[in-house]
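Step one of this worksheet: look at the structure below.
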Amino acid sequence: MIDAARDLLDNYWVLMPVKVLAVLVLFLTFPLLVGYMEHKVMAHMQARLGPMEAGRFHGVLQLVADGIKFVQKESIIPRAADKWVFALAPAVALIPAILVFGFIPYGRDLVPIRSDVGLFVTLALSSVSVIGVLMAAWSSANKYSLMGGIRAAAQLIAYELPLVLAAAAVAMQAGSADLAVIVERQGWWGYIVGPLVIGFFVYGTAALAELTRPPFDMPVADSELVFGHLTEYTGLRFAFFLLTEYAGIVSQAAIAATLFLGGWKGPFLDGPWWLAAKVLALSFVVIWARSTYPRLREDQLQTFAWLRLVPVSLALLLVVGFLKVYEVGI
Amino acid sequence: MDADALRDHLVAELGDAVEPEVAYGTLTVTVAQDDWRRVAELAKRGPDLACNFFDFLCGVDEEADGIGVVLHVYSIPHRHHLQVRTVVPRDGGHLPTVSDLWAGANWHERETAELFGVGFDGHPNLAKLLLAEEFEGYPLRKEFALVTREAKPWPGAKEPGE
Amino acid sequence: MATELGQGGVAFQAADGTGVGIIVRDKADRELHTQDMTLNVGPQHPATHGVLRVLVTLDGEVIEDAQPVIGYMHRSFEKLAEYRDYRQIIALVNRHDWVSSICNELGVAMVVERQMDLEVPERATWIRMLMAEWTRVLNHLMFVGSYPLELGAITPMFYAFREREEIQALMEWITGGRLHLTYCRVGGLKQDLPRGAIQMSRDLVPRMRERLKEYEDLVLGNEIFAARTKGIGVLPADVACSYGVSGALLQAAGVPEDSRKTEPYLFYDQVEFDVPTGRNGDCYDRYATLIARIRESLRIIEQVNERIPPGPVNVKLPKVVRAPQGHAYVRTEAPLGQLSYYMVSHNEKTPWRFKMRTPSFNNVSSLPYLLKGTLLPDMIAVMGSMFFIVGDIDR
């Protein structure tokens, strides 16, 4: 019976749809879980309860209800807007976010797409959404959206550098850019024992900025720019942008866990559940940062990226390279 | 300085130009329209007066006498109040501005100009402040009636002022 | 802050010393043609509390000029006051600063009593002080919560409103209202305190004090909050006095001017409290002064709780209350600043002229001075730190 299943799965044309389905299911469940977690965690940190009605038990079906609400809304495109660009912007932002889920190693042999340059493909995919943001901002024909979009573009480009440099330090340490191999070469405690812990913090901060999450959410500062590049979006398109944000949190958390925390490895019983636990823990920290911090002003944000994070990550690269060449074990 | 000492000081400085009056602890000096600027400058710059804090500037409808304008300033180092009052004619009444002495007078003069119809010479921007641009008339003058029962009378007890 | 370089270029530096940029201006001999953008902030905008509109001329992200446009909430209180008797005017002025209603009413009652030479019973005066200080705490808590919200910190708002709910429960018990209390009357108060109200007031004070520490740790101690507010929107003391800016804004500029101390009314000269002052007059100092003022108010409340004597709370008034011919002036320290009333009476049921000098009117008139040369995100920080209520500006 199991042999029959194995033979079937050896066939590429059977395996591929199974993988696609698995990634899609993951993509549709984990971000919603993190979204629900955000509602509840933020609420309790603010001395209130959060969703309690939808789904009888403590509002578990709140996001499902939100999804249904978004789907049945009218599709409004402003008259002065550039129709095609406006309509395609959510897709350009969302599709790369889904694709990233295909490269993450979920277990010993559970990588949907295995590639020698998996790390750089994931980083490249996560930066395609900048184009989606710019498309949304420009085509909305709205001064507030435009200002939000310009701020977003500047911020996202600035924080790409520390992100990639910190990831490169890990690739150097592991000796490979293949995500599965990077996890293989780590102990269950990951790489955070040693100089790469700095890399973890740099990567985490840069990832927060890439996701435009507080304290880096100046582009969508709702007390200033209404909602930045998303001001004119309603209905399903808006829902896609929100989904991109939560999917981004999950995928960046997963990449960070894979690079620095040992991925699916644990002290006992390795498997995808460890990755899930690490992803949820990191998402909790992201939500915690949102509840706590006011937002950084745009120029403070840029100063932080260029004058603090970039030199630190360059120094980290030097240190890791040095240790690697002289074969000092980490 | 308390109100009486202040009054004596001002009478000594300005003589006949001022008519002082101390009511309920506040000194009010009434001056002629032409002395308005001079007294205001003395209030701000006179070392014993040093009224650097701007409280308000408002108009009071004095009916047959004209429109009264009251300026109230306060001195933070000396802790005394001073009210300067003058009366301008109802039609075409105007005064020199004091917004270069106290920046806060800028908005107060705009408000008095639109509500009472008093001009202020030398004011940088005497546009309407609280009222809509198309508004006609000077609402706080006594001949401008509150519109409620004018437009359409309705039954019931009248308000105390009607 | 912008400084002109040669050949029409301008270097600008953000107020806290970070960020230097060069902007090429719209000059005829330059090849790059730029134009100033006029942005309308409000009247419907999440950052402005209520219907305040600011016409901002922008050069990139630097504000060249900012003109507040007010009057969207003008309800002609001064004209109405000429047609209403004194009890009705008390109900009317509740609506200036609708977050702290007693403090508005107090001035009206005081100016009429002053002109009529009415003696207010001691118990009424002490209770008026108690209510005024609790409403001051209510008002300050509102801004303690909403200012971080404008900068992006969403949590202090909920904590501040949790505190406000507890105080409003006390207010509702005593007066029957949560927002517009109409509790003062000419000659005293509407009714006496219910039994147990003082005890509830006593219990609330230590709870509020302990929660104030949370705000200091969570907000004042936050590096990002400090980076966003230190050195931003500096209002020097002499400019503030010239504009007539008062209250926490003036105290943050370093001037310890507080009507309760310099010209004590009610029984403020019989209780001990300090007037906190800031050093720089920037947004951070204004916020810190607000929290310090709440502390001082709690100190006053503690003392007043123990000193309320038994007795009547109002005097017998004639059937028709008339203020004699003449004019009177009263100034009180409302939570937002100095609130003065100037009343001219011709011995009638209604006043001849009732001037209401509200604090936010003068505070907001200093916005053009403060906003010139700042960056757009700093505009939100500065406007929020003005602590104004639009009803107070427009009356």
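Please go through segment C:77-102 and pick out each residue that is without any contact (Cβ under 8 Å) to a residue 40 or more places away in the chain and either aromatic (Phe, Trp, Tyr) or under 26 Å from C:MET142 (Cα atoms) (or both).
Once the filter is applied, which keeps residues that are without any contact (Cβ under 8 Å) to a residue 40 or more places away in the chain and either aromatic (Phe, Trp, Tyr) or under 26 Å from C:MET142 (Cα atoms) (or both), segment C:77-102 yields only C:LEU92.
What number goes with the only condition from (1) at pLDDT 90 or above; (2) within 11 Å of chain B (Cβ to nearest Cβ) that C:LEU336 does not pass?
Here C:LEU336 meets the rest and fails (2).
Which of the residues spanning segment C:147-174 are open to solvent by less than 10 Å² (accessible area, probe 1.4 Å) and more than 10 Å from chain A (Cβ to nearest Cβ)?
Residues satisfying the conditions are C:ALA160, C:GLU163, C:ILE167, C:LEU170, C:MET171, C:ILE174.
Somewhere in segment A:13-36, is a residue within 14 Å of chain C (Cβ to nearest Cβ), surrounded by 13 or more Cβ atoms within 10 Å (Cβ to Cβ) and part of a helix (DSSP H, G or I)?
Filtering segment A:13-36 down to residues within 14 Å of chain C (Cβ to nearest Cβ) leaves none.
No.
Give segment A:254-295 a look and list any residue that's hydrophobic (A, V, I, L, M, F, W, C) and either within 14 Å of chain C (Cβ to nearest Cβ) or within 30 Å of C:TYR159 (Cα to Cα) (or both), or say none.
Hits for segment A:254-295 are A:VAL279, A:LEU280, A:ALA281, A:LEU282, A:PHE284, A:VAL285, A:VAL286, A:ILE287, A:TRP288, A:ALA289.
Output the residues belonging to segment B:99-154 that are part of a helix (DSSP H, G or I), closer than 19 Å to B:GLN33 by Cβ and aromatic (Phe, Trp, Tyr).
Within segment B:99-154, B:PHE116 is the sole residue that qualifies.
Conditions tested, residue by residue: (1) modelled with pLDDT under 90; (2) open to solvent by less than 10 Å² (accessible area, probe 1.4 Å); (3) out of contact with any His (no Cβ under 7 Å at 6 or more places or on another chain); (4) on the phi > 0 side of the Ramachandran plot.
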residue: C:ARG228; (1), (2), (3), (4): yes, yes, yes, no
residue: C:VAL239; (1), (2), (3), (4): no, no, yes, no
residue: C:ALA248; (1), (2), (3), (4): no, yes, yes, no
residue: C:LEU266; (1), (2), (3), (4): yes, no, yes, yes
residue: C:ALA292; (1), (2), (3), (4): no, no, yes, no
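Starting from segment A:52-69, keep only residues that are under 15 Å from A:THR29 (Cα atoms), then list their pairs with residues that are open to solvent by 60 Å² or more (accessible area, probe 1.4 Å) and at pLDDT 85 or above whose Cβ atoms are within a distance under 6 Å, requiring at least 6 positions of separation or different chains.
Once the first residue is under 15 Å from A:THR29 (Cα atoms) and sits in segment A:52-69, its partners that are open to solvent by 60 Å² or more (accessible area, probe 1.4 Å) and at pLDDT 85 or above give A:LEU63/A:LEU32.
Answer with yes or no whether A:ARG295 is assigned to a loop (DSSP other than H, G, I, E, B), within 20 Å of the chain's Cα centre (by Cα), charged (D, E, K, R) and more than 19 Å from A:SER126 (Cα to Cα).
Criteria met by A:ARG295.
So which residues in segment A:293-304 are under 25 Å from A:VAL41 (Cβ atoms) and open to solvent by 40 Å² or more (accessible area, probe 1.4 Å)?
Passing the criteria: only A:TYR293.
Testing C:GLN199 on (1) open to solvent by 60 Å² or more (accessible area, probe 1.4 Å); (2) in contact with a helix residue (DSSP H, G or I) (Cβ under 8 Å, 6 or more places away or on another chain), one condition comes back false. Which one is that?
So C:GLN199 meets the others, but not (2).
Say we look at segment C:218-239 and pick out the residues that are part of a loop (DSSP other than H, G, I, E, B) and within 20 Å of the chain's Cα centre (by Cα); which of these is nearest to the other protein chains (Cβ to nearest Cβ)?
Restricting to residues being part of a loop (DSSP other than H, G, I, E, B) and within 20 Å of the chain's Cα centre (by Cα), the top hit is C:ILE232.
Which of the residues that make up segment A:69-87 are open to solvent by 80 Å² or more (accessible area, probe 1.4 Å) and outside any loop (DSSP other than H, G, I, E, B)?
A:LYS69, A:VAL71, A:LYS83, A:TRP84
Given (1) touching a residue at least 24 places away in the same chain (Cβ under 8 Å); (2) closer than 25 Å to B:GLY137 by Cβ, identify the lone condition not met by B:HIS9.
Every condition holds for B:HIS9 apart from (2).
Whether any residue in segment C:166-183 is without any contact (Cβ under 8 Å) to a residue 40 or more places away in the chain, of a type outside the set (A, V, I, L, M, F, W, C) and under 30 Å from C:VAL382 (Cβ atoms) is what I want to check.
Within segment C:166-183, one or more residues are without any contact (Cβ under 8 Å) to a residue 40 or more places away in the chain, of a type outside the set (A, V, I, L, M, F, W, C) and under 30 Å from C:VAL382 (Cβ atoms).
Considering only residues of segment C:111-144 that are closer than 19 Å to C:LYS349 by Cβ and of a type outside the set (Lys, Arg), which is surrounded by the fewest Cβ atoms within 10 Å (Cβ to Cβ)?
The residue in question is C:ASP117.
Just name the residue that is nearest to the chain's Cα centre (by Cα) out of those in segment C:254-263 that are assigned to a loop (DSSP other than H, G, I, E, B) and either away from chain B (no Cβ under 12 Å) or crowded, with 21+ Cβ neighbours inside 10 Å (or both).
First, the residues of segment C:254-263 that are assigned to a loop (DSSP other than H, G, I, E, B): C:254-258, C:263.
Filter once more, keeping what is either away from chain B (no Cβ under 12 Å) or crowded, with 21+ Cβ neighbours inside 10 Å (or both): C:255, C:257-258.
Values: C:VAL255: 16, C:GLU257: 14, C:ASP258: 13 Å.
If we take residues in segment C:254-263 being assigned to a loop (DSSP other than H, G, I, E, B) and either away from chain B (no Cβ under 12 Å) or crowded, with 21+ Cβ neighbours inside 10 Å (or both), then C:ASP258 is nearest to the chain's Cα centre (by Cα).
Please go through (1) open to solvent by 10 Å² or more (accessible area, probe 1.4 Å); (2) at pLDDT below 90; (3) away from chain C (no Cβ under 14 Å) for A:TYR144 and return the number of the only condition it doesn't satisfy.
(3) is the only condition that A:TYR144 fails.
When you scan segment C:50-106, how many residues do you find that are of a type in the set (Gly, Ala, Ser), open to solvent by 50 Å² or more (accessible area, probe 1.4 Å) and within 14 Å of chain B (Cβ to nearest Cβ)? Even if it seems obvious, please write down each step before you answer.
Looking only at segment C:50-106, we keep the residues that are of a type in the set (Gly, Ala, Ser), and these are C:50, C:60, C:66, C:71, C:76, C:81, C:91, C:100-101.
Subset that is open to solvent by 50 Å² or more (accessible area, probe 1.4 Å): C:60.
In the following step, the residues that additionally are within 14 Å of chain B (Cβ to nearest Cβ) were identified as none.
Residues that pass the stated criteria total 0.
Looking at segment A:169-181, can you tell me whether even one residue there is under 30 Å from C:VAL41 (Cα atoms), in contact (Cβ under 8 Å) with a residue 60 or more places away in the chain, assigned to a loop (DSSP other than H, G, I, E, B) and open to solvent by 10 Å² or more (accessible area, probe 1.4 Å)? Even if it seems obvious, please write down each step before you answer.
Step one: of segment A:169-181, the residues under 30 Å from C:VAL41 (Cα atoms) are none.
Among the residues of segment A:169-181, not one is under 30 Å from C:VAL41 (Cα atoms), in contact (Cβ under 8 Å) with a residue 60 or more places away in the chain, assigned to a loop (DSSP other than H, G, I, E, B) and open to solvent by 10 Å² or more (accessible area, probe 1.4 Å), which makes the answer no.
State whether one or more residues within segment C:341-352 are at pLDDT 90 or above and touching a Ser or Thr at 6+ places or on another chain (Cβ under 7 Å).
Yes, segment C:341-352 contains at least one residue that is at pLDDT 90 or above and touching a Ser or Thr at 6+ places or on another chain (Cβ under 7 Å).
Would you pick out the residues in segment C:240-253 that are part of a helix (DSSP H, G or I), facing chain B (nearest Cβ under 7 Å) and touching a helix residue (DSSP H, G or I) at 6+ places or on another chain (Cβ under 7 Å)?
C:TYR243
The values are calculated or read from the model by the stated rules, or taken from the named source; none is laboratory data. This one's a predicted model, so the numbers in the text were calculated from it and none came from an experiment. Don't worry about glycine lacking a Cβ; one is built from the backbone with ideal geometry, like all the others, and counts go over all protein chains shown. To get the accessible areas, we keep the full protein, side chains included, count just its heavy atoms, and leave off ligands, DNA and RNA. Shrake-Rupley method; radii C 1.70, N 1.55, O 1.52, S 1.80 Å.
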